[in-house]
Amino acid sequence: MKSRSAGDRLFDIGVYVLLTIAMLIVLYPLYFVVIASVSDPMDVLAGKVIWKPSGFSLEAYRMVFKDSQVMTGYRNTIAYTLAGTALNIMLSIAAAYPLSRRNLKGKGLVMGMMVFTMFFSGGLIPTYITISNLGLLNTFAVMILPTAISVYNVMIMRTFFMNSIPYELEEAAYVDGATHFRTLYSVVLPLSKPILAVMVLFYAIAHWNSYFNAMIYLSDKERYPLQLVLRTILVQSQSSEEILADVQGTFNRMLMSETIKYALIIVASVPVLCLYPFLQKYFVQGVMIGSVKG
């Protein structure tokens with residue numbers, strides 16, 4: 001085996017150093033949010049919390065989980081994410097699989113019409129009027145149906161079905177008498193775990209982080225997702241009255257509100273962070289679909 005030159009080893013060292021610096025730059029904001037959420041609010045405002053917690057306290061988390069508005073938002077977001085992701089995956093498969101078939105007539109026209117919607121839309125006001133006329137305002141469905149399918153994700157899934165599933169397997173299934181639905185269920189989907197994992201991740205994160213539709217279409221606070229509750233606290237710089245009910249004094253309320261913001265960010269981010277390790281082994285293979293042809 002040919003030994004590596006000094007220049008190659010120096011290059012590797014430089015790459016590792018740069019990647020380490022980039023990793024620290026990316027991770028530090030999250031680390032700061034974690035230590036700030038368990039530190040004394042006065043020390044956080046004074047800028048004393050930089051590398052480690054100061055005055056360790058879990059009071060902010062206790063107040064967050066005690067607040068009914070936050071917990072209601074949490075339950076709503078989980079429901080929107082589970083139902084929305086399930087619908088997204090079913091519709092994406094239903095669209096991508098037929099469009100990946102060689103003998104489907106007019107699939108080029110259908111794909112063109114779908115791609116057209118990626119660049120042109122009716123706009124916010126016509127969309128709002130349409131949703132209002134359909135009776136979807138302030139309902140559970142309004143958080144799911146308007147984003148029921150992503151053309152971009154359909155294109156990724158279609159490319160996977162075309163390039164990664166051997167057509168001979170499907171032909172063999174047809175020869176054995178399998179229908180299209182049977183072939184999809186028994187042959188295609190079992191071989192499509194990488195792309196399905198990536199699609200679940202993409203759709204679930206989109207639903208979990210969604211707040212704009214809720215802000216536009218929901219008026220009942222009992223239906224607010226967690227991100228809209230979080231936005232109200234972070235952007236408007238004020239916590240709910242209930243969450244700070246047992247904190248005495250205006251100044252103490254302001255201090256506690258600062259720590260609660262960081263605690264809310266952690267509470268809202270943990271479920272998504274926990275999802276990544278389970279899908280990581282599929283993620284690289286899924287996102288590289290269509291990048292190499294030969």
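Taking amide H positions as modeled 1.01 Å from N, with prolines and chain starts lacking one, the residues under 5 Å from D40 and 5 or more places away or on another chain are S54, G55. Label point 7 Å out from S121 along Cα-to-Cβ: which residues of the stretch 174-202 have amide N under 18 Å? Hits in the stretch 174-202 for S121 at 18 Å: 202.
With a ≥ b ≥ c taken as the square roots of the eigenvalues of the C-alpha gyration tensor of the stretch 1-104, please select rounded if a/c is under 1.5 and otherwise prolate if a/b is larger than b/c or oblate if it is not? Mind showing how you got there, number by number?
Values: a/c = 4.81, a/b = 1.04, b/c = 4.60.
Here the stretch 1-104 falls in the oblate category.
In this simple spin-label model, placing a label point 7 Å from the Cα along the Cα-to-Cβ direction at both R62 and V17 gives a separation of 4.8 nm. Heavy atoms of the protein chains alone define the surface here; on that basis the stretch 1-106 has 64 Å² accessible area per residue at 1.4 Å probe size. Both numbers refer to the Cα atoms of the stretch 176-228; Rg and Dmax are 18.1, 55 Å.
Mind ordering 97-107, 34-44 by average Cβ neighbours within 10 Å, highest first? Let's see the in-between values first.
On the way: 97-107: 13.4, 34-44: 19.7.
Packing order, densest peptide first, comes out as 34-44, 97-107.
Once you've got the Cα coordinates, tell me which of K66/K193; K193/K221; K105/K193; K52/K193 are over 30 Å apart.
Numbers: K66/K193 39 Å; K193/K221 38 Å; K105/K193 28 Å; K52/K193 41 Å.
Where the Cα-Cα span goes over 30 Å, the pairs concerned are K66/K193; K193/K221; K52/K193.
Classify the stretch 61-176: rounded, prolate or oblate, from the alpha-carbon gyration tensor (a ≥ b ≥ c, eigenvalue square roots; a/c under 1.5 rounded; otherwise prolate if a/b is larger than b/c)?
Oblate.
Taking Lys and Arg as +1 and Asp and Glu as -1, the other residues whose beta-carbon sits under 10 Å from that of V229 total +1.
With a 1.4 Å probe and every protein chain kept in, tell me what percent of the accessible surface of the stretch 39-163 is carbon plus sulfur. It would help to have the intermediate numbers written out before the result.
Values: 4880 of 7050 Å².
It is 69 percent, rounded to a whole number.
The values are calculated or read from the model by the stated rules, or taken from the named source; none is laboratory data. Computed from a predicted structure; not experimentally measured. FYI the Cβ positions are ideal-geometry reconstructions off the backbone, even for glycines, and counts take in every protein chain you see. Just the protein is used for accessible areas: all its heavy atoms, side chains included, with ligands, DNA and RNA removed. Shrake-Rupley method; radii C 1.70, N 1.55, O 1.52, S 1.80 Å.
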